[in-house]
Structures are given as C-alpha cells and as structure tokens.
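Engineer: I have a structure I would like to understand better, so I am pasting it below and will then ask my questions one at a time.
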Amino acid sequence: MLQSLLRLAREKTWLLLLFCIAPVVIYIWVFKTIALNVNYVAFDDITILGIIPPFGDADLLERWKLLTDLFPEHRLVFSRSVILLLYGIFGEVNLVWPMIIANVCWALCAFFFYRAFSKLRISIWYFVPVLWLWFNIQSFENIFWGVSSLCNFGVILFFLSALYFAAFHPKKLLAALFFALAATFTYGNGLMVFPVIGLIYLLTGYRKQFLITLVTTVVVGIVYFIDFTPITQNLDITNPKQVHEGFFGFFGFIGSIVTLTAYNTPYSILYLASVFGMFFIGLLIFLYRKEFSKLWDSAFLKAPYANQTALFAAGIAILVAITALALTYKRIPTDTFEGMFKGRYRMYSALWCIALYYAFLALTTKVTVRKFVPGILVLTIILNLVILHSNFADAVNNRRAAIAQEFNARFNADWLGLSMFSMDQQHYEKIRSYYKSRDPLAEGWNPDKKNLDIQCDSLLTPEIVEKVGNHIVIRFPQDFFKAERDYSDGPYILLKSAEHAYVSPPYQAAVPLKTTLRRLMYFSKGAYGSFHEATVEPGSYQVYLLVRKNGMNRIYCTGKTWEEKE
C-alpha cells in the first residue's frame with residue numbers, strides 16, 4: 001500500500017511543486033514577519049556602518065584598508081561592499097536590505113545544491129529533503145542580523161559556488177578561484193575554501209589546476225595575514241577543562257541540529273548533540289568505506305577519482321570540519337562549550353546533514369535509496385516544522401531585545417552597551433542617521449523629560465518585582481499580548497528616573513508543541529522583563545509597562561518602584 005501511495009505521489013507534479021515550495025514559503029513568511037530595521041544586539045551593524053563616513057574622502061589605498069580592516073579577526077570586504085553599495089544607491093541603508101541580500105545568498109545555495117543533484121539524473125522527488133533541511137530557521141540569528149547574515153550566508157554561497165565548479169566543471173578554474181577569493185574576504189573560514197577545491201583538483205587528476213590553486217592560496221594567504229593581529233585567546237591544551245569542552249564542543253557543533261533550539265538548552269541535550277556529531281561523522285565514514293582506496297590512489301596520482309557528487313559531498317564535510325576545528329580552537333576559552341551552539345553557527349550542522357544525504361545518494365545502490373528516501377523526506381519535514389515551533393519565539397524575543405537596546409543606547413549616555421564598544425552617543429546617532437530607524441519605543445512620548453510625570457493610560461500591576469541573581473525581574477499578569485502589526489508590538493517594561501529611562505524587552509515563551517497542535521495557539525500567556533544590574537545606574541525608579549500594539553505605544557502605571565543601590 002505504501003509503495004502504491006509513493007508511486008501515485010511521484011506522478012503528481014502539483015504535489016511535487018507543493019513540497020518544494022512549502023519550506024521556502026515558510027522561510028519567507030518568518031522573515032517578513034520578524035525582520036525589522038534596528039541594530040542587532042551586538043552593535044556589529046553599527047560598527048560596520050562606520051565605514052560610510054570616512055570612505056568617501058579616502059584615496060584608493062585608504063579605501064582598501066577600510067574594506068579589509070579586521071573585524072575583529074576577519075576581513076569583511078563583502079559585507080562592507082554591500083553596505084557601501086546600498087548607501088551609494090539609496091543614500092541610506094535600511095538594515096532589512098542587507099538581511100534580504102544575505103537571505104537571497106542563502107536561497108541561491110539551494111540552486112547549487114540542485115545543480116549538483118541534477119548530475120545524478122534521478123527523480124526530483126529525491127531533492128525535496130534538501131529543501132526542507134536547508135530552509136529551516138534554527139540559525140535565526142543570521143537571518144535577522146545584517147552583518148552576520150552577510151558574512152555567514154555569503155561565505156557559504158561562495159564556498160558552494162567554488163566547490164561546484166571545482167567538482168563538476170574543473171576546467172572552469174577561474175570561476176572556482178573567483179568564488180574562493182570572494183569567500184576568503186567574506187568571513188574567516190572562507191580562506192579554507194582554497195585548500196578544499198585544491199584537494200578536489202588533486203583527486204580528480206587536474207594537476208595544472210591543483211598547482212595554480214596552490215600558488216593562489218599562498219599569495220592570497222600572504223595578503224590576508226598582513227597586519228593580522230588576533231585578539232582572542234586560543235584553546236590551552238594543558239587545561240583539562242578546555243580540552244574536555246573542546247572535544248565535546250567540536251562534535252556538538254556538527255550535531256547541533258538535534259538540539260532543535262538555539263538557546264536555553266539543557267546541558268544533557270547539548271551533550272546529546274555531541275553524541276550525534278560523532279554519529280554523523282561515523283555515518284559519513286561508513287558511506288565512504290568503499291571509496292577510501294580509490295581516493296588514496298587518486299591522491300597519489302595513480303587514477304583520477306570519478307564520482308563527482310561524492311567529491312561535492314566530501315568537500316562540504318571537509319569545510320564544516322575545518323570550521324568546527326577553528327571555532328573550537330578560537331572560541332572555547334571565551335565562549336566555553338555552550339558557545340559552540342550559538343544560533344549563527346547552526347547552519348553548519350544542516351550543511352553536514354546535506355553532505356551526508358548527497359553521499360548517500362551518490363554511494364549507495366538505487367534499491368537502498370528508494371527504500372530510505374521516503375522516510376528521510378518525512379523526517380526532514382517534521383524536523384523543519386519542529387525547529388520552526390521551537391525557535392520562532394526566540395527569534396521574536398531576539399528582535400525585541402534589539403529594539404530595547406536601541407532605545408537604551410539613545411537615552412542613557414552612560415549605558416553599558418555603548419561603553420563596551422567605546423562608542424559615544426554622538427557617533428551612535430550619526431550612524432543611526434544612515435539607517436533611519438524609527439526607534440519605535442520612543443514614539444508618542446518624550447523619554448528625555450527630566451521628571452517622572454508620565455501620563456498613564458491606566459493601572460496594570462505586575463505579579464513580581466524582585467532581584468533574581470544579578471537581574472531585576474518584573475513579571476506581568478497572565479494576559480495575552482498579541483502582536484497585531486509586527487513583532488515590534490509587545491509589552492516592554494520601563495524603568496524611569498529623573499536621569500534615566502531603561503526599557504527591557506518582553507520575553508514570551510512558546511507553549512509546548514502538543515498544546516499548539518491541540519489548541520492552535522503559540523505564545524503562552526503573560527510576559528516578563530529583565531534588567532541586568534550592571535546596565536542600571538543607582539537611583540530611584542518608577543516601574544511602567546509600555547505596551548506597543550498595532551504600532552502605537554500606550555504606557556501603564558504599575559504602582560511599583562525600584563531602588564537600585566551602589
């Protein structure tokens with residue numbers, strides 16, 4: 001019966017189109033719903049826009065230095081070029097625009113996946129799992145972060161482009177080298193694209209292309225590392241704790257897709273991801289078990305390796321492994337084990353899964369492929385939808401945090417965020433003029449007023465106002481706070497004194513998946529705000545609730561005060 005249903009499905013073109021388009025439509029809907037023209041919480045967007053003022057008056061050498069200046073240990077020529085291009089055309093840079101460009105890069109990766117898939121000459125139904133794997137939102141930080149999205153999505157597009165030409169069109173050397181060069185000056189791990197495509201040329205017997213790639217790698221490496229000054233600590237192999245975290249962090253990076261959520265994940269689940277990372281690596285080795293002798297012979301120029309799709313899959317896995325090793329070495333001392341699971345890293349786990357899938361298609365029998373692909377398709381669809389449910393609330397909270405940070409930086413000259421980046425408010429406001437954020441939380445009232453006479457709509461009393469660890473936590477009643485216009489809507493907590501006006505974003509949690517399926521609801525009732533004590537100056541504060549609804553602000557009195565001491 002199952003085989004009959006599968007045969008029926010294969011004959012329905014409209015069903016095939018539906019399965020191909022659905023994950024893309026979901027992805028676009030999430031982007032359109034959440035993307036906002038505000039600086040991301042790490043101030044990287046503000047910093048990258050800092051290239052605009054000096055660039056116009058600089059000579060060619062100075063412009064090259066501005067484009068290649070370390071950020072902090074990467075040469076982000078692609079990101080800066082996009083920013084300058086947008087500003088040159090429009091006279092401003094709405095931060096949603098670089099997000100759109102970056103997500104187009106992400107979508108174009110699927111084109112190269114398809115081009116590689118087409119070489120197998122099998123039914124396009126077998127390509128559908130790739131789309132459901134690729135267009136998930138677990139890496140939502142990149143989706144909604146102008147700088148990071150351009151870096152991370154751009155480098156993968158350029159890498160896949162270079163790998164595609166190296167594996168399937170080895171005589172088009174200039175195209176492969178061009179995209180490898182673009183990857184190098186897009187993000188740090190892009191420099192490793194040259195060794196990957198060089199290895200492809202070696203294994204396929206293209207000696208001339210291999211030698212040219214080798215020479216180009218050396219030249220580009222010399223240029224890249226001129227005036228290169230690392231600012232982060234490196235993993236200390238004499239420190240047992242760091243070695244332990246690095247070992248499991250490496251495998252966890254590769255297997256992170258199984259944690260489903262990007263943040264607030266129990267350590268038991270993070271270590272489970274490490275186990276799956278080991279499993280993913282073992283599975284890849286198992287798929288290539290009969291190819292190692294052929295690859296060995298090709299490496300020593302005895303016979304060219306002919307399976308192009310298998311090389312394409314192996315190239316993807318090699319870059320992911322190199323990226324995992326580099327991050328383990330550079331990030332464990334500062335970010336620790338948990339930092340290897342950041343939202344902006346998680347796309348590499350999906351990339352590894354796609355490499356596994358392509359290796360499976362290229363190296364197993366047609367009978368085995370037909371047997372397992374229906375189950376793989378169902379699994380990828382379920383995985384995509386569970387990831388959507390698990391991460392949508394975090395993505396919304398993340399963007400609201402960016403809105404609150406912009407407000408805090410504007411109206412508090414001594415705010416910790418600005419001082420962390422050695423940035424004064426004058427420079428901050430100048431950069432804001434380039435992307436023209438509306439600063440939605442400042443609409444309809446004047447946060448600059450030096451008195452506490454804020455006109456309240458009515459009274460709304462919080463359930464909890466207390467100090468929890470280093471955080472001031474304020475939790476409001478079990479009401480629904482629905483976003484009607486966009487996800488700048490929501491309940492923001494306001495601390496107001498004569499000198500300061502601080503805003504905390506609302507944190508709203510998703511209900512369990514079974515509740516969503518049973519009651520067709522997503523966000524749970526109520527919301528809470530949290531202020532780290534280091535970001536709040538000593539003083540007496542009135543507590544307010546600023547509810548943004550349908551793009552309009554309404555301020556509620558709470559009858560509560562907070563005294564922040566030294």
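The values are calculated or read from the model by the stated rules, or taken from the named source; none is laboratory data. In this text, all values refer to a predicted model and were calculated from it rather than measured experimentally. No Cβ is skipped: glycine too gets one built from the backbone with ideal geometry, and neighbour counts run over all protein chains shown. Surface accessibility is based on the protein's heavy atoms, side chains included, excluding ligands, DNA and RNA. Shrake-Rupley method; radii C 1.70, N 1.55, O 1.52, S 1.80 Å.
Engineer: Dipole magnitude of the range 1-145 about its Cα centre, charges +1 at Lys/Arg Cβ and -1 at Asp/Glu Cβ only, in debye to the nearest 20?
Structural biologist: 1060 debye
Engineer: Roll a 1.4 Å probe over the protein chains and send me the accessible area per residue for the chain in Å².
Structural biologist: Counting only protein heavy atoms, the per-residue value for the chain is 45 Å².
Engineer: I've got another one for you. Given charges of +1 on the Cβ of Lys and Arg and -1 on the Cβ of Asp and Glu, with all other atoms neutral, how large is the dipole of the chain about its Cα centre, in debye to the nearest 20?
Structural biologist: Dipole size: approximately 2980 debye.
Engineer: Next question. Among Asn37, Val104, Ser118, whose Cα lies farthest out toward the positive end of the dipole of the range 24-158, if unit charges sit on the beta carbon of Lys, Arg (+1) and Asp, Glu (-1)?
Structural biologist: Ser118
Engineer: Run the reach check for Lys65 against aspartates and glutamates, Cα to Cα strictly under 18 Å, same-chain hits fewer than 8 apart removed. What comes back?
Structural biologist: Partners within reach: Asp57, Glu73, Asp227.
Engineer: Continuing with this model, one more query. Where the Cα atoms of the range 101-249 are projected onto their three principal axes, how long is each span, largest first, in whole Å?
Structural biologist: Largest first, the range 101-249 extends 51, 40, 31 Å along its Cα principal axes.
Engineer: Please express the shape of the chain as an equivalent ellipsoid: the semi-axes are the square roots of 5 times the eigenvalues of the C-alpha gyration tensor, given largest first in whole angstrom.
Structural biologist: So the three semi-axes of the chain are 44, 29, 21 Å.
Engineer: Once R0 is set to 60 Å, what does the formula 1/(1 + (r/R0)^6) return for the Cβ-Cβ distance between Leu85 and Lys290, expressed as a FRET efficiency to the nearest 0.05?
Structural biologist: Efficiency for this residue pair is about 0.80.
Engineer: If you don't mind, another one. Past the 19 angstrom mark, what percentage of all C-alpha to C-alpha distances in the range 1-126 do you count?
Structural biologist: Value for the range 1-126: 65 percent of Cα pairs lie more than 19 Å apart.
Engineer: Based on DSSP H runs of at least 4 residues, each adding -39500 (n - 2.57), what is the mean residue ellipticity at 222 nm of the chain after dividing by all its residues, to the nearest 500 deg cm²/dmol?
Structural biologist: Counting only the DSSP helices, I get -18500 deg cm²/dmol.
Engineer: So, one more: Mind listing the long-range amide H neighbours of Leu70? Cut-off is under 5 Å, sequence gap 5 or more, other chains count too, H placed in the peptide plane at 1.01 Å from N.
Structural biologist: Close amide H contacts, sequence-distant or interchain: none at all.
Engineer: With all protein chains present, how much of the accessible area of the chain (probe radius 1.4 Å) comes from carbon and sulfur, to the nearest whole percent?
Structural biologist: The computed percentage sits at 64.
Engineer: Let me ask something else. Report the per residue volume, in Å³, of the convex hull enclosing the C-alpha atoms of the range 388-454.
Structural biologist: 138 Å³
Engineer: Using 7 Å Cα-to-Cβ label points, what is the Met521/Ala534 separation (nm, one decimal)?
Structural biologist: 3.7 nm
Engineer: Here's another thing I want to ask about it. By a straight-distance test (C-alpha under 21 Å), which lysines pair with Lys12 as possible cross-link partners, with residues fewer than eight away in the same chain excluded?
Structural biologist: Lys371
Engineer: So what's the convex hull volume per residue for the Cα atoms of the range 413-566, in Å³?
Structural biologist: Convex hull volume per residue, Cα atoms: 145 Å³.
Engineer: Can you list the cysteines of the chain that have no other Cys Cβ under 4.7 Å away?
Structural biologist: Those would be Cys20, Cys105, Cys109, Cys151, Cys353, since no other cysteine Cβ in the chain comes under 4.7 Å of theirs.
Engineer: Report the local net charge at Thr47: Lys and Arg +1, Asp and Glu -1, summed over other residues whose C-beta lies under 12 Å from its C-beta.
Structural biologist: Local charge sum for Thr47: -2.
Engineer: Quick one: check the C-alpha center-to-center distance for the range 115-174 versus the range 65-97, whole angstrom.
Structural biologist: Cα centroid to Cα centroid, the span is 23 Å.
Engineer: Given the Cα-Cα distance of Glu499 and Lys12 and 0.36 nm per residue of separation, how much length would full extension add, in nm?
Structural biologist: Length difference between fully extended and current span is 168.7 nm.
Engineer: Within the set Lys171/Lys208; Lys482/Lys525; Lys290/Lys366; Lys496/Lys565; Lys342/Lys514, which residue pairs have Cα atoms separated by over 18 Å?
Structural biologist: Too far apart for the 18 Å limit: Lys342/Lys514.
Engineer: Working out 0.36 nm times the residue gap between Tyr267 and Ser433, then minus their Cα-Cα distance, what length gain in nm do you get to one decimal?
Structural biologist: Stretched fully, the Tyr267-Ser433 segment lengthens by 55.5 nm.
Engineer: A follow-up question, please. Using 1/(1 + (r/R0)^6) with R0 = 45 angstrom and r between the beta carbons of Lys32 and Lys208, what's the FRET efficiency to the nearest 0.05?
Structural biologist: 0.40
Engineer: Can you tell me, using C-alpha contacts under 8 Å and at least 6 residues apart, the relative contact order of the range 89-200 as a whole percent?
Structural biologist: Normalised by residue count, the contact order of the range 89-200 is 26 percent.
Engineer: Next question, about the same structure. I need the peptides 547-554, 132-139, 335-342 ranked by packing, meaning the mean over residues of other C-beta atoms within 10 angstrom, with the highest value on top.
Structural biologist: Sorting 547-554, 132-139, 335-342 by mean packing, highest first, produces 132-139, 335-342, 547-554.
Engineer: Which peptide among 97-107, 145-155, 53-63 comes first, and what is the full order, when sorted by highest mean count of other Cβ atoms within 10 Å?
Structural biologist: Packing proxy ranking, top to bottom: 145-155, 97-107, 53-63.
Engineer: Near Lys467, which aspartates and glutamates are there with a Cα under 19 Å away, not counting those fewer than 8 places off in the same chain?
Structural biologist: Glu533, Glu537, Glu563, Glu564, Glu566
Engineer: Oh, and also: Roughly how far apart, in whole Å, are the Cα centres of the range 272-293 and the range 497-550?
Structural biologist: 43 Å
Engineer: For the range 513-566, max minus min Cα coordinate along each principal axis, in Å, sorted largest first?
Structural biologist: Taking the Cα atoms of the range 513-566, the three principal extents are 48, 25, 19 Å.
Engineer: Suppose every K and R has +1 on its Cβ and every D and E has -1 on its Cβ; what is the size of the dipole of the range 270-405 about the Cα centre, in Debye to the nearest 20?
Structural biologist: Charge dipole, the range 270-405, about its Cα centre: 200 debye, nearest 20.
Engineer: Would you mind calculating the relative contact order of the range 318-453 from Cα pairs under 8 angstrom and at least 6 residues apart, reporting the percent as a whole number?
Structural biologist: Once normalised by length, the contact order is 15 percent.
Engineer: So, one more: For Thr229 and Met552 in the same chain, what is the full-extension length gain: residue separation times 0.36 nm, less their Cα-Cα distance, in nm?
Structural biologist: 111.6 nm
Engineer: Could you go through the range 198-209 in sequence order and give the Karplus-derived ³J(HN,Hα) for each residue, using 6.51 cos²θ - 1.76 cosθ + 1.60 with θ = phi - 60°, rounded to whole Hz, and x for Gly and Pro?
Structural biologist: Karplus-based 3J(HN,Hα) across the range 198-209 equals x, 5, 4, 4, 5, 5, 8, x, 8, 5, 4, 4 Hz.
Engineer: Applying the Karplus parametrisation 6.51 cos²θ - 1.76 cosθ + 1.60 with θ = phi - 60° to the phi angles of the range 377-388, what ³J(HN,Hα) value in whole Hz is obtained for each residue in order, glycine and proline being reported as x?
Structural biologist: So the J values, rounded to whole Hz, are 4, 4, 4, 5, 5, 4, 4, 4, 6, 5, 4, 4.
Engineer: Shifting gears a bit: Among Trp132, Leu76, Ile143, which residue has its Cα positioned farthest towards the positive end of the charge dipole of the range 12-154, with +1 placed on the Cβ of Lys and Arg, -1 on the Cβ of Asp and Glu, and the dipole taken about the Cα centre?
Structural biologist: Value computed over the given set: Trp132.
Engineer: Ranked from highest to lowest mean number of other Cβ atoms within 10 Å per residue, what is the order of the peptides 180-191, 216-227, 379-390?
Structural biologist: By packing density, highest mean first, the sequence is 180-191, 379-390, 216-227.
Engineer: Spin-label point model (7 Å from Cα, Cβ direction): what's the Ile237 to Glu484 distance in nm?
Structural biologist: Result: 6.2 nm between the two label points.
Engineer: Work from the charge dipole of the range 212-341 (Cβ charges, +1 for Lys and Arg, -1 for Asp and Glu, about the Cα centre) and give the residue of Phe225, Ser298, Phe248 farthest towards its positive end.
Structural biologist: It is Ser298.
Engineer: Something else: Give me the percent relative contact order of the chain, please, defined on Cα pairs under 8 angstrom at least 6 residues apart.
Structural biologist: Relative CO of the chain lands at 14 percent.
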